[in-house]
Amino acid sequence: MRVKVECYSGYKADERPVSFYLGESRLKVVELLDQWYGPGSIYFRIRADDDNLYILRRHSTAQEDMWTLESFRKERRG
């Protein structure tokens with residue numbers, strides 16, 4: 001599922017996600033739990049301010065950068 005992502009840009013552009021949109025809802029990234037690389041992609045496992053876990057994928061080509069939501073897990077706290 002494609003998502004709109006706002007990124008922190010430090011040493012390089014779009015270094016890591018800081019927030020993303022699910023429909024009209026904006027979720028802030030409160031914790032970056034993991035990051036790994038695949039062919040043409042970077043994956044980010046994050047905890048959002050709704051306390052759920054997400055995996056976001058940034059797929060880069062010469063024409064565009066595309067972000068997708070690869071996984072979602074509702075956190076059970078208690």
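Some observations on this one:
- Dipole magnitude (debye, nearest 20) for the chain, charges at Cβ of Lys, Arg, Asp, Glu: 220
- In units of the rule-of-thumb radius 2.2 N^0.38 Å, the chain shows an alpha carbon radius of gyration of 1.07.
- Local charge for residue 66 was computed over the other residues whose Cβ lies under 11 Å away, with Lys and Arg +1 and Asp and Glu -1, and equals +2.
- Of 68, 61, the sequence from fewest to most neighbouring Cβ atoms within 10 angstrom is 61, 68.
None of the figures in this text is laboratory data; all of them are computed from the coordinates on show. Being a predicted model, the structure only gives us computed values, none of them experimental. No Cβ is skipped: glycine too gets one built from the backbone with ideal geometry, and neighbour counts run over all protein chains shown.
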